[in-house]
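Chemist: Sharing a structure here in structure tokens format.
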Amino acid sequence: DATPTEYGASLSLDVDMIRSPNGSQVVSGGARVTVGGQLASGRVSDWVAGRRLRLPVAFRQSARYLNPGVPDQQTALMWRGTSLLGSVKSALLVEVVEPGGWWPETTAKARAGVRDRVAQTVGAFSRRSAGVVTAVLIGDRAGLESDDRRRLQEGGTYHVIAISGGNIAILAGVLLLALRLARCDEHVASVVTVGCLVAYASLVGSEASVTRATFAAALFLLARTLDHRTPALNTLALSASCLVAVSPLTIVDPGFLLTFGATLGLLLGVEPMTRWVRASLGSSPGIVRTAAMVPVAMLAATVCAELALFPIAATVFSRVTVAGLVLNFAAIPLMTVAQIAGMLAVAVSPLTETGARLTGYVAHLSASGIVESARLMDVLPWLSHRVPDPPVVIVAIYYTGWAVWLTSAGRRGRRLVSGTAV
């Protein structure tokens, strides 16, 4: 869908034909086009994903900055499928030639409905909160202010407003709970949930984090209906392999690297860390162990994800941060509440004004908490640092070191278990 901007609107196009004074030419490739003028804001709702457009564009290549340590934006855009940038003088020059198919049009209407209902329920309390909730629900981050984006990125909590595994897990959990409360058979509930997750992924887009999380959840649920069990690493490996097989360039997509890198870090590191803490609390009362393991698990997840992504974050964002070790304790629970309350607000708004206002207010409080917690960076800016791209050799040494350590730690663990058994 088109994105409103300060100067008009931004369009992401899959170009299939160019007409010039020399004739028409069939082409392929992506283009990012800006439409200038105040009229663009009133036409954004017409420029939705799947529709065919015709427009006069002045094309150009992305600028390349040769300063040491500055990422090559032109190459990065091309890896993601955007070959050229372009501009259109006025929205009056953009013509909708034909609508999309029934499914693209249906999903476009659904996204528009979510935006409108969030604006009515959550936006009644705060426009900023509405932007955060919309981002959490459908991945549309156009309503976020630039300062809020910057704080969340510096604080290491930007991931909570980008749809990923956590959001898919929450949605799957809500669907499974609702179906079980409706006394639906467990296997049927799993299949229905998979169908809903696939439809939701199509609704919000095909980013690597969404595709990976949806594929992994579908694989897990379908395998469970067939009474199959497999380690989580196998599911992750199969998901990555299928994505790369379908689209080989996915392997250089920052979203792919971030989502699979973080998940791999969680799978490799969280369980050993929590097991060590649980063993240390072995003689403590059960309620103490349970209460202690919640923050320990969250801290372990944050530490493992950060360690796995340090070089990737430095390369993609030219920044490293440790603020997330603290801020995620607030951001992740608040994101959960914001997502559930936002879904309820969208669902009940046509039915009851009181219920919509109540759930909208809860979503507003949660969204405000996510953004306000990131103000820690205004007080402690040294928790985040801008850095140049790390050399490939340094990145290789970093990950090789972790691989050696994890391998040796696994061998030590196996020797320890073997000795205890004897």
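Chemist: Can you say whether Thr274 is crowded, with 16+ Cβ neighbours inside 10 Å, of a type in the set (Ser, Thr, Tyr), within 17 Å of Ile332 (Cβ to Cβ) and at pLDDT 80 or above, as far as the supplied structure shows?
Modeler: When the stated conditions are applied, Thr274 does not pass them.
Chemist: Any residue at all in region 204-221 that's in a helix (DSSP H, G or I), of a type outside the set (Phe, Trp, Tyr), more than 20 Å from the chain's Cα centre (by Cα) and exposed (fewer than 14 other Cβ atoms within 10 Å of the Cβ)?
Modeler: No, region 204-221 contains no residue that is in a helix (DSSP H, G or I), of a type outside the set (Phe, Trp, Tyr), more than 20 Å from the chain's Cα centre (by Cα) and exposed (fewer than 14 other Cβ atoms within 10 Å of the Cβ).
Chemist: Within region 145-187, track down each residue that is assigned to a loop (DSSP other than H, G, I, E, B) and either touching a residue at least 60 places away in the same chain (Cβ under 8 Å) or open to solvent by 20 Å² or more (accessible area, probe 1.4 Å) (or both).
Modeler: Glu145, Gly155, Gly156, Thr157, Ala162, Ser164, Ala182, Arg183, Cys184, Asp185
Chemist: Okay, next question. Of the residues Val33, Val26, which single one is in contact (Cβ under 8 Å) with a residue 40 or more places away in the chain and closer than 26 Å to Glu105 by Cβ?
Modeler: It is Val33.
Chemist: Could you identify the single residue in Ala110, Ala76, Ala91 that is within 27 Å of the chain's Cα centre (by Cα) and more than 28 Å from Ala313 (Cα to Cα)?
Modeler: Selected residue: Ala110, the only one of Ala110, Ala76, Ala91 that is within 27 Å of the chain's Cα centre (by Cα) and more than 28 Å from Ala313 (Cα to Cα).
Chemist: Considering only region 87-115, state which residues are outside any helix (DSSP H, G or I) and surrounded by 12 or more Cβ atoms within 10 Å (Cβ to Cβ).
Modeler: Listed by number, the residues that qualify are Ser87, Val88, Lys89, Ser90, Val94, Val96, Pro99, Gly100.
Chemist: Out of the residues in region 332-351 meeting the condition of being surrounded by fewer than 19 Cβ atoms within 10 Å (Cβ to Cβ) and part of a loop (DSSP other than H, G, I, E, B), tell me which one is farthest from the chain's Cα centre (by Cα).
Modeler: Per the criteria, the residue is Leu351.
Chemist: Yes or no: region 118-125 includes at least one residue that is under 21 Å from Ala262 (Cα atoms), open to solvent by 40 Å² or more (accessible area, probe 1.4 Å), assigned to a helix (DSSP H, G or I) and polar (S, T, N, Q).
Modeler: The answer is no; no qualifying residue exists.
Chemist: To continue, here is another question. Can you name the number of the only condition in (1) within 30 Å of Arg117 (Cβ to Cβ); (2) surrounded by 19 or more Cβ atoms within 10 Å (Cβ to Cβ); (3) out of contact with any Pro (no Cβ under 9 Å at 6 or more places or on another chain); (4) of a type in the set (Gly, Ala, Ser) that Ala313 fails?
Modeler: With respect to (1) within 30 Å of Arg117 (Cβ to Cβ); (2) surrounded by 19 or more Cβ atoms within 10 Å (Cβ to Cβ); (3) out of contact with any Pro (no Cβ under 9 Å at 6 or more places or on another chain); (4) of a type in the set (Gly, Ala, Ser), Ala313 is out only on (1).
Chemist: Oh, and also: In the set Gln74, Gln25, which member is polar (S, T, N, Q) and either more than 30 Å from Val387 (Cβ to Cβ) or surrounded by fewer than 13 Cβ atoms within 10 Å (Cβ to Cβ) (or both)?
Modeler: Gln25
Okay, residues lined up against (1) in contact with a helix residue (DSSP H, G or I) (Cβ under 8 Å, 6 or more places away or on another chain); (2) more than 23 Å from Asp1 (Cβ to Cβ):
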| site | (1), (2) |
| --- | --- |
| Ser164 | yes, no |
| Ala189 | yes, yes |
| Val192 | yes, yes |
| Gly195 | no, yes |
| Leu203 | yes, no |
| Ala218 | yes, yes |
| Thr235 | yes, yes |
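Chemist: For region 351-362, which residues satisfy the criterion of being in contact (Cβ under 8 Å) with a residue 60 or more places away in the chain and not hydrophobic (A, V, I, L, M, F, W, C)?
Modeler: Once the filter is applied, which keeps residues that are in contact (Cβ under 8 Å) with a residue 60 or more places away in the chain and not hydrophobic (A, V, I, L, M, F, W, C), region 351-362 yields Arg357, Thr359, Gly360, Tyr361.
Chemist: Can I ask one more? Inside region 33-58, can you point out the residues that are under 17 Å from Ser90 (Cα atoms), open to solvent by less than 90 Å² (accessible area, probe 1.4 Å) and either part of a strand (DSSP E or B) or among the β-branched types (Val, Ile, Thr) (or both)?
Modeler: Val33, Thr34, Val35, Gly36, Val44, Leu53, Val57, Ala58
Chemist: Spot the failing condition for Tyr398; the list is (1) crowded, with 18+ Cβ neighbours inside 10 Å; (2) touching a residue at least 40 places away in the same chain (Cβ under 8 Å), and only one is missed.
Modeler: So Tyr398 meets the others, but not (1).
Chemist: Shifting gears a bit: So for region 35-52 (the condition being over 15 Å from Asp1 (Cα atoms), at pLDDT 90 or above and not small (Gly, Ala, Ser)), does at least one residue qualify?
Modeler: Checked region 35-52: no residue is over 15 Å from Asp1 (Cα atoms), at pLDDT 90 or above and not small (Gly, Ala, Ser).
Chemist: Quickly run through region 354-389 and pick out the residues that are farther than 19 Å from Leu344 by Cα and open to solvent by 90 Å² or more (accessible area, probe 1.4 Å).
Modeler: Val379, Trp382, His385, Arg386
The values are calculated or read from the model by the stated rules, or taken from the named source; none is laboratory data. Bear in mind the structure is a predicted one, so any value in this text is a computation, not a measurement. For neighbour counting, all protein chains shown are included, and Cβ atoms are generated from backbone atoms with ideal geometry for every residue, glycine included. Heavy atoms of the whole protein, side chains included, go into the accessibility calculation; ligands, DNA and RNA do not. Shrake-Rupley method; radii C 1.70, N 1.55, O 1.52, S 1.80 Å.
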